[in-house]
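Structure record follows, encoded as C-alpha cells.
Any read-out appearing in this document is the output of simple, stated calculations on the displayed coordinates, not a laboratory observation. This is a predicted model, so every value here is computed, not measured. Reconstructed Cβ throughout: ideal geometry from the backbone, glycine too, with neighbour counts over all protein chains shown.
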Amino acid sequence: MLLVVADTSPIRYLVQIGHIDLLPRLFEKVLIPGVVADELRHPSAPQAVQSWMGSKAKIEGLGVTSGFGGLAIVTLVVWALHEWRVSQ
C-alpha cells in the first residue's frame, strides 16, 4: 500500500494550481492530519483551499485524521509501517 501523510504546503499548492487529483492517483491512501486540515480551513488560507477542504476533500477520498501536529504524523508513520509489515 502506498501511503502519504500530507503537510499543508503540498496540499495548498496542488489545490491552487488545480492538480490536487495527483495525490489519489499516486497514492492508495492520503492522510491529512487534523492540525493540517485546520490550517487549510483557516481564514488566512486562500479561498480555493478553504472551499476544497469544505467539500471536495471528502469526495476525492483523502482521509482527515485527528491529532496534534508532529505527534499525529509520527503516529501515522508508525501505523503505516505496521500495516506495511503485516501486508508483507
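What order do you get for R25, R41 when you list them from fewest to most C-beta neighbours inside 10 Å? Don't skip to the answer; put the middle values down first.
Working: R25 7, R41 16.
Listed from fewest to most nearby Cβ atoms, that is R25, R41.
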_Residue-by-residue Karplus 3J(HN,Hα) for the range 25-37, coefficients 6.51, -1.76, 1.60, Hz, glycine and proline x_ = 7, 8, 10, 6, 9, 10, 10, 10, x, x, 5, 5, 4
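Counting other beta carbons within 10 Å of each residue's own, what order do D7, D21 fall into, fewest first?
Values: D7 14, D21 11.
The most exposed by this proxy come first: D21, D7.
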*Kindly put L26, L40 in sequence by how many other C-beta atoms sit within 10 Å of each C-beta, fewest to most.*
L26, L40
